[in-house]
Amino acid sequence: MSAGTTSPTRQPQMLGWLRQLSFGNIGAVYVWALIIIVFSIWVPDLFPRRLTVEAIADNFSISGLAALAILLPIASGTFDASVGGTISLSGVICGWLMINTGLPTTVVVLLTLLSGVGVGLFNAFAVVAMRIPPLIATLATWLIADALSVAVSGNQTITAPRMSGSFSQLAQHQIWGFTIPILYVLFLMLLLGGVLTQTASGRYVYAVGFDPQVARLAGVRVKLISTGALVSAGLIGAFAGVVLASRVASATPNGGDSYLLPAFAAAFLGATQFRAKRFNATGTIIAVFMLGTGQYGLLLAGAPQWTPNVFQGLALVAAIGLTQIRDPNHAVARKWRAARTKTAISDADATDTPESLAADDAVST
Amino acid sequence: MSEVISPGDLPAVSFRHLSKTFPGQRALVDVSFDVAPAEIHALLGENGSGKSTLIKILAGIHHPDAGAEIHVFGEQLPLGSPRDSRRLGLQFVHQALGIIDELTAVENIALGFGYRRHLGRLIDWRAQRRKTSRLLDMLSVEFDIDVPVGRLRAVDRSAVAIARALDDDDGACRVLVMDEPTAALPPTEVDSLFALLRRAQAAGTAIIYVSHRLNEILDLADRATILRDGALQKTVSIASTNRAGLVDAIVGRAVSERLAEAPAERQTTVESDVALRVEEMNTRRLKNVSFVVRTGEVVGIAGLTGSGREELAGALVGENGSQVRITTGRGAAVNPTPRRAKKIGLVLVLPNRAAGAATKELTIRENLTLPALERYGRFGLVRRGAELRDTNRWISSLDIRPRDPERAYALLSGGNQQKVAFGKWLNLDPLVLVAEDPTSGVDVGARGAIYDLIRAQAAKGMSFVVASSDTEDLLALCDRILVLRDGELVDELGPDRMDEMHLLTSIVGTTEHPARAASRTTRAEPSP
C-alpha cells in the first residue's frame, strides 16, 4: 500500500484562528477596512460619521436581500436573472392591493410573497421541467415580470396615503438609528447560512451545484433541490419588493431592475470568501456592504455619477480573478506548483488538458 | 505482408532506453525498439503494461526519465513537447477520436491545421472543401462532407479523424499512432478501417497500432512489440508467430502467482442466497441480459469495448435510464432510478476519473457521507459529530491519504480518490455493490488495496458485480465471470476456466469451443 500512495506534502499547520483571519479567508473584510480608511482620509468631514453607517445600512439593505435571493439558485448550479423583475412586480402588486382592496396589510404582504413563489415556480417549470438553460429562461421571466409590473401599475408610480401609514413602518421603523431592513438582511443571512452549512438540504444544494450527475447517482432529488432554490429566490425577491415599496412608500414599475447586477457581483465576490469557491451567505452580505461602502464613499467625495459602477465592476473582476488563481485546477497555479514540487505531481493531477484527456481514454481501455 | 528492413534504411521511429517512473510505480523500464518506415507496427500489452505511457511520451505529454532518446527518421525528437512531436510528423488518433460531432467534416479537418484563408483573414471555404475531399479521396471514402459528422457512420467518423491526421500542409504525416481505433466501431466497419490504414501505409506512413484485439493484429500488422510490466518482452514479425505466441508474450508464461492464489481463497457460494436478480436488461447495446448474484459472491462482467460491458454497470442502477427488472433482498424495482436502486441496496461505484464518481469540489467528508446524509439528520440539521466519526472510520479503514476529512477530493491521488468513491457507497452498507473499472487510473499499490477491500467486504456477505476492461481485475477478484459480446451474455466462466487464456478467448470470441457456440444460441443460464 505504502508504495502506491504519495500523500501530498502537508502545509505547515497554521493556528486555527490565524487561518480564519488570513487574507485568503476573509480578504473582503480587509479590503472593506481599506476602503473605510481611504474615504476617512479623503472626505474626513463627511465620511467617518455614524450617519454614514446608518445610510449605507439603509441604502444597501435591498441589495442585500436581492443578493440573498439569488444565493440558493447559483449555489445549486442554476441561475436567477429574474430577481429584478420579481422585485418590480411584487412591489407593484403590493401597492395595487393596498390601494384597490381593503385587505389588512398582513394579508397584502402575504399575498405579495405568494406572487413571488409563483414567479419562482414559473422559473422552475422553465428550467427544471422544460430544461431551458437557466440564464435564458430567467431572463425571459424577468422580461415578463417587468412587463406585468407595468401592466398592473398602469405604468405609473403607485402612491397612496395608506402606503405611508403602518405599511411604511415595515421598512422605516428605526432601532438605534438604523432602519429595520438591515435586521431582515442579517436574519436572512443567518438563516440561509445555517441552511447551507448545517442541514442536509444545504449539502445537497452544493452537491447539485458542483456536480448534478454525482448528486443524482447519490440519490439526491436534483429537480426538487433546483425547484426549491428557484422558489426561494422568488420568495425572497418578493420580500425585497415589499420592503422596497414600504421604504419609499410607493411602488414604481421596473423599480427592481437596478438590483440584479449588484446582487450577482456581491454573490460572486462573496464566493471568494471563507471556503474558497463556494457561494455563501455571510460572504455575500460582506461583499454587498463592502461594495456599498465604496459606492457611497465615492458619492460623498463628489466623484462623478458613473464612478460607483466602475468601482463595482473592477472590484468584482479583481476578486474573482484572484480566486481563480488560487483554484487548484487553475492553469497558472498548476504551473506554479509544478515548478515548486516537481516530484510530487502524480499522474492524476494533469487530467484536464485536452491532450491528456484524450490520452486518458486510452489508458482506461 | 512481411518486409525486410535493409540496414541502410532509417527507422521511422527509434526508441532508445525509454524509462518512466511515476511516484510509486515504474511505468516503463529501459524500452528500446524500432518502427520501420511504412510498416504497421502493433503495440501490445495488458492494461498497465506501459503502452499508454509510451504513447504519451511519444506525443510529448509525458517527459521520460533521463537517458531516453527518440529519433524520428533519424532526427532527434525533443522530449516533452507536443508541438515538436507534431512538427516531426507524428500524428495521433485517440480512441475518443477528438472530432466534434456538431461540426462538418470540412470544419473538423480544419480544426487540426487551421482554415485555408484568402484576402487576409477570410476563410477560403472552396479551398478548404477541396482539401477535405482530396484527403478523404486518398482514403477512398465517400460521404457528404457538409453534414455534421455526428450523423456519419462510425467508420466515417474515424476516417475524418485519420484524414485530419494525414493532413499534409505542414509536411506529410510520417508516423500515425492509433490507439484502440476499433473500440468504437461496429464489427462490420472494422474491415473498412483496415482498408483505410493499408492505404495510408501504401502512401508511406508508418502506423503504430495499439489494440487488445489480437485477431486484428494478426490480420493487419507487420510486426508487433509486446510490453509487460513496463519492460519490453520482444518484437516479433507477425508472419512468424501465432495467437498463442502473442498471448504467451503478453501475459507471461507463468501467469503471476498473485493471480493464481486468488481462486484458493474463494469460498463456494453456490449454496448461498440470491442477493441480486437481474432480468431482461435492455439498453442501447445490451439485449435481454439476465443473471443472478449470490450473497457474498463477486461476479465479473467481461467484454470488449462496444460489447455493452461499459453500459451494464450504469444500467443496473438506472444511470441513464434502462429497461430492466431488478430484485434484491430489500425489494424489487422495474427500470430503477439511482435513488430507487439505493433504497433496495444496490449501488454503483464509478472509476474515479469518470463523470459521476464523486464531486471534485467537495471534501473527503462531504463526499463520503453524501449518499447516506439522511442518516445524520436530526431536526433537519446534520449531526457533525457522527458524520466526522464515520468519515474518520472510513479514512482509517480504507487508508485514505492524507488523513484529512476536509481535504478537497480534487487534490487526492487517483488511488485515494477511488477509495473515497468506494467509501461513500460502503458507508451506506449496500447489499450489492456494482463496480465499474474499479482499478482504472490507480497505481499498483492502490490496486492491491482495492482488491483487499472487495475481498474483505465479500467475505462479510456483501455481493459485488465488477464490470471491468481489465482482465487482471476480473481474474483476481471474481468467483464467476460473465462474458458479453455484441450486447448479449454469451459465456460464463466458472473456477474451471478462470484463467487469462480462456477469458481472452471468450471475450474475443473467435476460437470458440463448439459447446460454447451452442450455449450461445440458448443464451447463458445464470446458475451453474
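The values are calculated or read from the model by the stated rules, or taken from the named source; none is laboratory data. Keep in mind that what you see is a predicted model, and the values were worked out from it rather than measured. Heads up, the Cβs are rebuilt from the backbone with ideal geometry, glycines too, and the neighbour counts pull from every protein chain shown.
Assorted remarks:
- Looking only at the range A:212-221, and only at residues there that are surrounded by fewer than 22 Cβ atoms within 10 Å (Cβ to Cβ) and either in contact with a Leu (Cβ under 8 Å, 6 or more places away or on another chain) or part of a helix (DSSP H, G or I) (or both), the one that is nearest to the other protein chains (Cβ to nearest Cβ): A:GLN213
- Looking across B:ALA421, B:ALA518, one residue alone is at pLDDT 85 or above and of a type in the set (A, V, I, L, M, F, W, C). It is B:ALA421.
- Restricting the range B:169-203 to residues that are within 14 Å of another protein chain (Cβ to nearest Cβ) and modelled with pLDDT under 80, the residue that is farthest from B:LYS51 (Cα to Cα): B:LEU185
- Qualifying residue in the range B:298-320 (condition: within 13 Å of chain A (Cβ to nearest Cβ) and more than 28 Å from B:LEU474 (Cβ to Cβ)): no
- Looking only at the range A:132-177, and only at residues there that are in a helix (DSSP H, G or I) and among the aromatic types (Phe, Trp, Tyr), the one that is surrounded by the most Cβ atoms within 10 Å (Cβ to Cβ): A:TRP142
- Residue check, A:ALA66 within 21 Å of A:GLY255 (Cβ to Cβ) and surrounded by fewer than 24 Cβ atoms within 10 Å (Cβ to Cβ): no
- Contacts under 8 angstrom Cβ, first residue in the range A:155-173 being among the hydroxyl-bearing types (Ser, Thr, Tyr), partner in a loop (DSSP other than H, G, I, E, B) and modelled with pLDDT of 80 or more, 6 or more apart: A:THR157/A:SER250; A:THR157/A:THR252; A:THR157/A:PRO253; A:THR159/A:ALA249; A:THR159/A:SER250; A:SER164/A:ALA249; A:SER168/A:ALA249
- In the range A:154-178, the residues that are under 28 Å from the mean Cα position of the chain (by Cα), modelled with pLDDT of 85 or more and closer than 30 Å to A:PHE79 by Cα: A:THR157
- Filtering the range B:10-22 for residues that are modelled with pLDDT under 85, touching a helix residue (DSSP H, G or I) at 6+ places or on another chain (Cβ under 8 Å), assigned to a strand (DSSP E or B) and among the aromatic types (Phe, Trp, Tyr) leaves a non-empty set.
- Against the list (1) at pLDDT 80 or above; (2) in contact with a Cys (Cβ under 7 Å, 6 or more places away or on another chain), the condition B:LEU166 fails is (1).
- Subset of the range A:222-256 (residues that are away from chain B (no Cβ under 11 Å), aliphatic (A, V, I, L, M) and over 24 Å from A:THR179 (Cα atoms)): A:ILE225, A:ALA229, A:LEU230, A:VAL231
- Of the criteria (1) within 10 Å of another protein chain (Cβ to nearest Cβ); (2) in contact with a helix residue (DSSP H, G or I) (Cβ under 9 Å, 6 or more places away or on another chain), which one B:ASP390 fails: (1)
- Yes/no for B:ARG455 being basic (Lys, Arg) and modelled with pLDDT of 90 or more: yes
- Number of positions in the range A:141-154 that are free of Cβ contacts under 8 Å to residues at least 40 places away in the same chain and under 18 Å from A:LEU260 (Cα atoms): 1
- Members of the range B:324-353 that are out of contact with any Asp or Glu (no Cβ under 6 Å at 6 or more places or on another chain), facing chain A (nearest Cβ under 9 Å) and touching a residue at least 40 places away in the same chain (Cβ under 8 Å): B:LYS342, B:VAL347, B:LEU348, B:ASN352, B:ARG353
Let's see how each residue does on (1) farther than 30 Å from B:GLY308 by Cβ; (2) touching a residue at least 12 places away in the same chain (Cβ under 8 Å):
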| site | (1), (2) |
| --- | --- |
| B:GLU387 | yes, yes |
| B:THR391 | yes, yes |
| B:SER397 | yes, no |
| B:PRO405 | yes, yes |
| B:ALA408 | yes, yes |
| B:PRO430 | no, yes |
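- Verdict on B:SER52 being of a type in the set (Ser, Thr, Tyr), within 12 Å of chain A (Cβ to nearest Cβ) and crowded, with 16+ Cβ neighbours inside 10 Å: yes
- Any chance B:GLU436 is under 11 Å from B:ILE301 (Cα atoms) and either out of contact with any Phe, Trp or Tyr (no Cβ under 8 Å at 6 or more places or on another chain) or at pLDDT below 85 (or both): yes
- Residue satisfying all of: in the range A:182-210; surrounded by 17 or more Cβ atoms within 10 Å (Cβ to Cβ) and out of contact with any Ser or Thr (no Cβ under 9 Å at 6 or more places or on another chain); farthest from the other protein chains (Cβ to nearest Cβ) among these: A:LEU188
- Elements of type helices (runs of 4 or more DSSP H) contained in the range B:399-493, each with 3 or more residues being away from every other protein chain (no Cβ under 14 Å): B:444-459, B:471-477
- Filter result for B:GLY377 (within 22 Å of A:TYR206 (Cα to Cα), facing chain A (nearest Cβ under 7 Å), touching a Lys or Arg at 6+ places or on another chain (Cβ under 9 Å) and free of Cβ contacts under 8 Å to residues at least 24 places away in the same chain): yes
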